[in-house]
Amino acid sequence: MLFARDRVRRRGEGRYEVRLRPNERELVADLVGQLREQLLASTDDPVVRRLFPPAYANDPERDAGYQVLTRDELLEQRLAALDVVARTLDGTELDASEMTAWMGTLNSLRLVLGTRLDVDEELPELDPDDPQAPAYAVYEYLGWLLSQVVDALVADLPRPSAEART
């Protein structure tokens, strides 16, 4: 799917702008709301569990302890990022931390949707009349938007020094 790359712009060092069209703002706002509801309902739902990966995949007892120690903090961070995206959907100028919240939220939305769709390396060729076609289109849109956010953030990373390259 090809889109014009004009939704995320770097406005100077550490300053960014996300300019979504009204239908895109509505879509992202709806997705953010749905994810918030899912996270508040249960972090054990298989669809959102992907956002809380195991630290000890082969040791359920140790992993349960890890989850008890970290899950609430991870949940708070994800909810705070959702708040930032909801608050900045209108195209206001964002700072680096707000843009990082966008990156994390878009990635979370893709992970949840990808889990729901059982996405693997290759997206299937779908007939436009396939009932899952709209969900796959949203998945691709989120990836496209995420790539613009990443590109904008990368522009502000420090350049490697000559010593680091040798």
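Every number in this text was worked out from the coordinates using simple rules, so none of it is lab data. Computed from a prediction, not measured in an experiment: that's the story for all the values here. FYI the Cβ positions are ideal-geometry reconstructions off the backbone, even for glycines, and counts take in every protein chain you see.
According to the Kirkwood relation over distinct C-alpha pairs, the hydrodynamic radius of the range 4-44 is 12.3 Å. Here the Gaussian network model covers the chain, with springs between Cα atoms less than 10 Å apart; of Asp129, Asp45, Asp118, Asp129 fluctuates the most. Summing +1 for each Lys or Arg and -1 for each Asp or Glu among the other residues whose beta-carbon sits under 15 angstrom from that of Ala86 gives -3. List residues of the range 114-130, by number, whose backbone nitrogen lies under 17 Å from a label position 7 Å along Cα→C-beta of Ala57. Answer for the range 114-130: 115, 119-121. The sum of -39500 (n - 2.57) across all DSSP H runs of n ≥ 4, divided by the residue count of the chain, sets its helix-only mean residue ellipticity at 222 nm to -20000 deg cm²/dmol. Evaluated over the Cα positions of the chain, the convex hull gives a direction-averaged projected area, one quarter of its surface, of 13.0 nm². Gly14 sits among other residues whose Cβ lies under 12 Å from its own Cβ, and their net charge, with Lys and Arg +1 and Asp and Glu -1, is -2.
Seen from Arg25, the other residues with C-beta closer than 11 Å to its C-beta sum to a net charge of -1, counting Lys and Arg as +1 and Asp and Glu as -1. Of the Cα atoms belonging to the range 12-73, the radius of gyration and Dmax stand at 16.9, 48 Å.
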